[in-house]
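Input: a single structure, listed below in structure tokens.
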Amino acid sequence: MNIVVEGKAYIRNKIEHVCIGIEDGKIAKIAKILPKGEENYKFSREIILPAGIDIHVHFREPGFTHKEDFSTGTISAAFGGICCIFDMPNTKPPTTTKNAILDKIEIAKRKAYIDFGLYAGITDENFENIRDFAKYCNAFKIYLGSTTNALQLRKENLKDFFKNAEEFSDKPIMIHAEDEECLNKHRIVENNLIDHLRARPDVCEKKSIQTVHNCKSKKNRIHICHVSSADSIEFLKEAKGDISIGVTLHHLLFSINIKRKTLPDSFYKVNPPLRKKFDTETLIEHLTNGFIDVLESDHAPHTYEEKNINFDEAPNGIPGVETMYPLFLFWFSKNLISLGQLVSLISEKPARIMGLEKGVISEGKDADLIVVDLKNIQKIKAENLHYKCEWTPYEGMQAIFPSYTLVRGTPIVEEYILVGEKGYGEHIKTVNEEE
């Protein structure tokens with residue numbers, strides 16, 4: 001074996017002491033005892049878990065690299081136990097054409113420390129011509145409501161796009177569900193988080209999800225990103241079918257009446273907005289009962305200076321890729337979520353949705369692993385994170401960061417230190433993609 005990792009690992013829905021043999025980036029053998037490898041790691045106190053997959057990040061490159069780029073973003077992800085990310089299309093230029101997608105792939109290949117995939121943005125201008133670029137993206141992204149640097153598709157064109165997308169049924173369709181007409185009816189000058197919620201009420205999200213449900217075909221694979229309201233959950237419980245559901249860390253942990261607010265309101269401004277306590281409680285209930293499929297960070301950094309302005313003018317979005325898995329590892333340590341639920345939300349189901357050979361510790365899968373000491377609980381501090389934006393809304397919260405993050409068997413983080421190489425991350429190939 002190239003590498004043998006020994007210790008207590010989460011395998012087949014339980015923790016057991018095993019040796020994990022790795023060959024050419026894949027898990028080749030799992031057994032109680034294995035011969036020594038060329039490299040050997042033995043962990044006695046820690047547990048070995050599947051690395052996370054974040055299907056929703058905005059790494060801001062190209063066009064906004066003063067906020068983040070593929071280097072700093074993937075370093076941050078690795079320190080947070082993430083082995084693979086999928087980047088959203090609202091960059092400059094936006095990833096809405098074949099050339100823009102291919103250019104972004106080349107940028108990421110040079111800079112990424114972990115594996116990555118890309119979304120193609122669907123707009124009123126390109127929804128009829130997706131054959132031109134579909135083979136180069138991992139999935140499609142639709143914004144049905146306006147948001148920061150958004151690429152909109154009018155809902156009048158949604159049904160035609162879904163019909164065109166049937167040819168590419170292997171590719172998920174990711175939805176930012178806020179109805180634009182509904183948002184327009186509620187626009188006001190915003191001074192705080194309560195105003196932001198008034199301007200983007202629950203009904204706009206639910207209405208958009210209903211539209212998607214009514215327009216989609218049986219061949220479309222729909223994922224609703226960052227579901228944030230109890231009303232949306234109730235509708236999806238009745239109509240879910242083959243629609244997968246994502247929630248973010250901030251919609252689970254924060255409401256408009258934030259108790260542990262460490263920054264001005266503008267720093268918590270995000271779309272969809274933070275909602276009422278009842279909404280967060282409903283999301284947590286359906287996260288822990290298995291109804292919600294995926295945890296996603298919606299990592300959307302802006303600089304401190306960009307956020308620290310008048311609320312109405314401040315951009316939407318907050319960083320989260322480095323803190324998502326560690327915060328939920330702390331939840332697990334306090335019995336607030338089971339290990340099986342956590343691994344499903346952050347590894348198994350994201351891998352299944354995106355069609356990856358990742359997400360579980362199993363023979364034949366990519367050797368994407370993290371090593372965690374559950375007793376090493378730390379308080380999150382922005383100064384210890386690796387974002388370009390240099391701030392976090394989770395300042396002071398307790399978390400458990402992995403001591404090791406391995407991507408395809410190669411340590412990217414080792415003993416809490418970056419040891420990976422820029423450009424190691426591979427682009428996740430899509431079906432029939434041209435070389």
**OP:** Give the distance, in whole Å, between the Cα centre of the range 360-426 and the Cα centre of the range 42-98.
**Re:** 12
Original post:
Among the listed pairs K207/K388; K269/K379; K277/K334, which are separated by more than 25 Å between their Cα atoms?
Top reply: K207/K388
Original post:
Which of the aspartates and glutamates could be linked to K109 by a straight reach, that is with a Cα gap under 17 Å, when you skip same-chain ones fewer than 8 residues away?
Top reply: E61, E68, D69, D87, E421, E426, E433, E434, E435
Original post:
What percentage of all Cα-Cα pairs in the range 276-359 are separated by more than 14 Å?
Top reply: 72
Original post:
Is it possible to state the helix-based mean residue ellipticity at 222 nm for the chain, with each DSSP H run of 4+ residues giving -39500 (n - 2.57), the sum divided by total residues, to the nearest 500 deg cm²/dmol? What is it?
Top reply: -7000 deg cm²/dmol
Original post:
Simple spin-label model, 7 Å along Cα-to-Cβ: Q378 to K14 in nm?
Top reply: 3.3
**OP:** Assuming R0 = 30 Å, can you tell me the calculated FRET efficiency for the pair L339 and E39, based on Cβ-Cβ distance, to the nearest 0.05?
**Re:** 0.65
Subject >> Exposed trypsin sites (Lys or Arg not before Pro) absent - longest run of the chain, DSSP non-H/G/I/E/B, at most 12 other C-beta within 10 Å >> reply: 37-153
Subject >> Low-density loop positions, GluC sites (Glu not before Pro), the range 29-117 - DSSP coil, at most 11 other Cβ in 10 Å >> reply: E38
Original post:
What does the convex hull of the alpha-carbon atoms of the range 51-354 project to on average, in nm²?
Top reply: 14.0
**OP:** Would you kindly state how much longer the chain becomes between N184 and T262 on full extension, computed as 0.36 nm times their sequence separation minus their alpha carbon distance, in nm to one decimal?
**Re:** 25.0 nm
Subject >> Inter-probe distance in nm under a simple model that places probes 7 Å from Cα toward Cβ, at E234 and L418 >> reply: 4.7
Original post:
Can you list the HN-Hα couplings for the range 81-88, worked out from phi with the Karplus curve (6.51, -1.76, 1.60; θ = phi - 60°), rounded to whole Hz and with x for Gly and Pro?
Top reply: x, 9, 9, 7, 10, 10, 9, 7
**OP:** Would you please name the GluC sites (Glu not before Pro) within the range 331-404 that are DSSP coil residues with at most 10 other C-beta atoms within 10 Å of their C-beta?
**Re:** none
**OP:** Find the Cα radius of gyration of the range 184-309, compare it with 2.2 N^0.38 Å by division, and give the number to two decimals.
**Re:** 1.09
**OP:** Work out how much length E357 to E285 would gain on full extension: take 0.36 nm times their residue separation and subtract the Cα-Cα distance, in nm to one decimal.
**Re:** 23.0 nm
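We did not get these values from a lab; they are worked out from the coordinates using the rules stated. Since this is a predicted model, take the numbers as computed values, not measurements. Note: ideal-geometry Cβ built from the backbone for every residue, glycine included; neighbour counts use all protein chains shown.
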